[in-house]
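One structure below.
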Amino acid sequence: MFGKIVAPLDGSAFAASVLPHVVALVQATGAHVILLRVMGREANAPSAINPVDWQLQKTEAQIYVDELSSRLTPLLNAQPEVLVLEGHVADRIIEYAHQNNCDLVVLSSHGQSGLHSWNISSITQKVIARIGKSVLLVRAYQMITKSQAGEWDGLRYQRIVVPLDGSPRAEHVLPVATALAGWHAAELVLVHVVTHPTMIQRMPLTAEESALAEQLFERNQSQAHKYLEQLRLRLNPEPQIHVVTGDNVPATLHRFVNQQGADLVIMSAHGHSAQRQWPYGSLVMSFVEHGATPLLILQDMPPNAIEPTAAELAAEASKRQPTRPVEGNGQSNPILSNAIDDKDMGILTQ
């Protein structure tokens, strides 16, 4: 289960929409909570910020998280830790989660920038792409009313859907899923999707080929039923099981989740393919980018097992390069020297 949960906040009601879920998780698991506020700068902010104004903003941020901590303490039976950092928001969240061995990062789909046509904000997208840890993604547009009203207690999951592909990696979410379902008295729904075999061929299938494809399809359906039935008999609380069919696994699962009226989807970061070059499988990313239900992603790989991207390798290499003057003015190249360090963001003088 979870020992340490970090909830990044930016002062907006959208970001605070994660708090009912934080309370629901902590009440079920007893985890320790950290409320993290990162003081960052907008992309269109002036290059120099008055240090007095910045300190006032930082003081306001500290007051904000302190107040939230005080209001949450009676609901959690323990006082959340609070922390205010400075720098690039996504980078600081990722660094803090790794340096402090956080088990779960609870992210709102939207924050200070407000709601827009993108399913998640750019900061949330960046954190999910690089955090390499378990993440709970809360859809802010579903929780904003409760967040504005300060209704952080009383959230109870009613129906939890867990997609499974038959692999041990996918099954590693079951202890968390059963614990949450048991505490919340929720219906636990296990689902497996069976698709028709892909037949690469320009001409129509022969009768023999069609029969062979149908036999394989029926065989997979039968095996999926047996697999889920075995899980049903050994899990507590006893789950519902569903074998659904379709031509496309993500599209079929999205329809199923919507039809079930699920209020939480729990998925393993990887399934049977378990590609180390990506922090999450394609099915998980489909739910991140297109889902409309709170999504709990449980990371099945340690961070050092996930291969760095080409961009990460290039960025790390650039940090090791010596600074060199810009031709003609004797000054250091700001791109290579990283003259404005993340830690000093917002403390520049005119």
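The values are calculated or read from the model by the stated rules, or taken from the named source; none is laboratory data. Keep in mind that this is a model prediction, so the values were computed, not measured. Note: ideal-geometry Cβ built from the backbone for every residue, glycine included; neighbour counts use all protein chains shown.
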Output for Cβ contacts, cut-off 7 Å, separation at least six or different chains, first residue in contact (Cβ under 8 Å) with a residue 24 or more places away in the chain and under 11 Å from Gly291 (Cβ atoms) in the range 240-265, second assigned to a helix (DSSP H, G or I) and not charged (D, E, K, R), reads Pro250/Leu283; Pro250/Ser286; His254/His290; Val265/Val257; Val265/Phe287
Cβ-Cβ under 8 Å pairs, at least 6 apart or on other chains, the range 90-104 side in contact (Cβ under 8 Å) with a residue 40 or more places away in the chain, far side acidic (Asp, Glu) and crowded, with 18+ Cβ neighbours inside 10 Å = Arg92/Glu86
Restricting attention to the range 105-122, the residues that are of a type outside the set (Gly, Ala, Ser) and free of Cβ contacts under 8 Å to residues at least 60 places away in the same chain number exactly 2
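Can you tell which of Glu208, Glu151 is outside any helix (DSSP H, G or I) and over 21 Å from His272 (Cα atoms)?
Glu151
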Extreme residue, surrounded by the most Cβ atoms within 10 Å (Cβ to Cβ), among residues of the range 320-340 that are β-branched (Val, Ile, Thr) and modelled with pLDDT under 50 = Ile340
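For (1) at pLDDT 95 or above; (2) in a loop (DSSP other than H, G, I, E, B); (3) exposed (fewer than 14 other Cβ atoms within 10 Å of the Cβ), each residue gets a yes or a no:
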| position | (1), (2), (3) |
| --- | --- |
| Phe256 | yes, no, no |
| Gln277 | no, yes, yes |
| Met301 | no, yes, no |
| Ala311 | no, no, yes |
| Ser318 | no, no, yes |
| Thr349 | no, yes, yes |
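Okay, residues lined up against (1) of a type in the set (A, V, I, L, M, F, W, C); (2) modelled with pLDDT of 95 or more; (3) on the phi > 0 side of the Ramachandran plot; (4) out of contact with any helix residue (DSSP H, G or I) (no Cβ under 8 Å at 6 or more places or on another chain):
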residue	(1), (2), (3), (4)
His88	no, no, no, no
Leu104	yes, yes, no, no
His110	no, no, no, no
Leu115	yes, no, no, no
Ile123	yes, no, no, no
Met143	yes, no, no, no
